[in-house]
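Working notes for the structure below.
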Amino acid sequence: MSSPHPAPDRDDGLIARYAFARRVALAAAARGMAYYARRNSLAVQHKGDDLQDVVSIADQDVEAFIRAELAAHFPEDGIVGEEGGSAGLQARCIWVIDPIDGTACFLNGLHNWCVSIGLLVDGQPLLGAIADPNHDELFHGFIGHGAFVNDTPLAAHGAGNVREGLVGVGTTHRAGKENFLPFIGALLEQGGMFLRNGSGALMTAYVAAGRLIGYYETHLKSWDCLAGLVLVREAGARHNEFLRGDGLLGGNPYLVAAPGVYEQLAAMVGPSLDAD
Ligand code: IPD
Ligand code: CA
Ligand code: CA
């Protein structure tokens, strides 16, 4: 069995970055919790015309905290963050961060939110940490070293048919939402059942943990799922080619699932899943 804390047996700084991701995700989540305790006093802004797309000082401050930690410890690395944009994309190591994933839940007093910190190395997801302070869960993983919730190894569900478990779903009002209801229809037709908890990062972690058998979102951004993709790979689940094309900066349709139901779910989504 892999250790949840791999030894610093490489001198390229990647193990140090794994420790950093876990530490900073926990510290950022604690910072988020302080805002969550007084969420009713936070001014809420809307991004563009979509009144469902909300942001507050909590998102901005938590991302600023993560960026300051990165600047102090890994100033040579690049970053893609939901609130602060991207920089240094020519770097070998690019951090992909969502300071609060599940902001609508956060602002409405629902406990489904988390901090998500992932790292791309040479264009591939290498490590990630997702901190859920309401449930005292830190999901984390490193390619080749396993994936864990706290110190417990993660493993995908053994389902062979969608009738055998719950499928996470999500959509926004962006392009692609027209694919949502046909998917739900197909899922119900084949005896499946859906759940939407409002945090793409947590639903991805739950697929890695075997709590959900799959998760489909009509269009997701990289900060929602980059850390989670590491967990999915290490837990033996599957995912679509999410980073293809402009996936890192623009997002793509998204499917992660236990190996025994991936093809069934992908067929329900249809060609839009990996269309350019
Ligand atoms: C959102 C959540 C939600 C998903 C949206 C995301 P945010 O992220 O992950 O579950 O349906 O696509 O934008 O805005 O809460 O960081
Ligand atoms: Ca998000
Ligand atoms: Ca967010």
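The values are calculated or read from the model by the stated rules, or taken from the named source; none is laboratory data. Here the structure is a predicted model, which is why all the values come from computation and not from measurement. Here Cβ is always computed from backbone atoms with ideal geometry, including for glycine, and neighbour counts include all displayed protein chains.
In region 206-237, of all residues being touching a residue at least 60 places away in the same chain (Cβ under 8 Å) and farther than 23 Å from residue 122 by Cα, the one that is farthest from the chain's Cα centre (by Cα) corresponds to 209. Looking at this structure, is residue 152 in contact with a Gly (Cβ under 8 Å, 6 or more places away or on another chain) and at pLDDT 95 or above? Against the criterion (in contact with a Gly (Cβ under 8 Å, 6 or more places away or on another chain) and at pLDDT 95 or above), residue 152 does not qualify.
Hey, can you tell me all the residues within region 219-239 that are part of a strand (DSSP E or B) and either surrounded by 24 or more Cβ atoms within 10 Å (Cβ to Cβ) or among the basic types (Lys, Arg) (or both)? Reasoning before the result, please.
Going through region 219-239, the residues part of a strand (DSSP E or B) turn out to be 219-220, 238-239.
Matches in region 219-239: 220, 238.
State yes or no: is residue 60 of a type in the set (S, T, N, Q), surrounded by fewer than 20 Cβ atoms within 10 Å (Cβ to Cβ), outside the structural domain of residue 249 (by the TED database) and assigned to a helix (DSSP H, G or I)?
Numbers: of a type in the set (S, T, N, Q): yes; surrounded by fewer than 20 Cβ atoms within 10 Å (Cβ to Cβ): yes; outside the structural domain of residue 249 (by the TED database): yes; assigned to a helix (DSSP H, G or I): yes.
Yes, satisfied.
Of the strands (runs of 3 or more DSSP E) lying entirely inside region 74-113, those containing at least 3 residues that are closer than 17 Å to residue 225 by Cβ are 78-81, 93-101.
The set of residues from region 40-59 being touching a strand residue (DSSP E or B) at 6+ places or on another chain (Cβ under 8 Å), more than 12 Å from ligand 1 (Cβ to nearest atom) and not hydrophobic (A, V, I, L, M, F, W, C) comprises just one member, 45. Does region 81-90 contain any residue that is buried (at least 16 other Cβ atoms within 10 Å of the Cβ) and of a type in the set (A, V, I, L, M, F, W, C)? No, because not a single residue in region 81-90 is buried (at least 16 other Cβ atoms within 10 Å of the Cβ) and of a type in the set (A, V, I, L, M, F, W, C). Scanning region 155-182 for residues that are closer than 13 Å to residue 220 by Cα, part of a loop (DSSP other than H, G, I, E, B) and at pLDDT 95 or above returns a single hit, 171. For region 80-96, a tally of residues being over 13 Å from residue 222 (Cβ atoms) and not charged (D, E, K, R) returns 6.
Just to be sure before I move on: is residue 194 assigned by the TED database to the domain that holds residue 260, in a helix (DSSP H, G or I) and away from ligand 2 (no atom under 16 Å from the Cβ) in the structure I sent? Give the steps one after another, and end with the answer.
Details: assigned by the TED database to the domain that holds residue 260: yes; in a helix (DSSP H, G or I): no; away from ligand 2 (no atom under 16 Å from the Cβ): yes.
No, not satisfied.
If I ask for residues that are away from ligand 1 (no atom under 11 Å from the Cβ) and not aliphatic (A, V, I, L, M), which ones from region 91-107 would you list? I'd like the intermediate steps shown before the answer.
Going residue by residue through region 91-107, those that are away from ligand 1 (no atom under 11 Å from the Cβ) are 91-96.
Result: 92, 93, 95.
Could you list, in sequence order, the residues of region 141-154 that are part of a strand (DSSP E or B) and surrounded by fewer than 18 Cβ atoms within 10 Å (Cβ to Cβ)? Passing the criteria: 152, 153.
Taking the stated definitions as given, is residue 105 within 16 Å of ligand 3 (Cβ to nearest atom) and either in the same structural domain as residue 63 (by the TED database) or within 24 Å of residue 153 (Cβ to Cβ) (or both)?
Yes: the conditions hold for residue 105.
Against the list (1) within 16 Å of ligand 3 (Cβ to nearest atom); (2) without any contact (Cβ under 8 Å) to a residue 60 or more places away in the chain; (3) closer than 24 Å to residue 142 by Cβ, the condition residue 60 fails is (3). Of all residues in region 251-265, those that are within 11 Å of residue 207 (Cα to Cα) have Cβ atoms under 7 Å from Cβ atoms of residues that are aromatic (Phe, Trp, Tyr), 6 or more apart or on another chain, in 255/216; 256/215.
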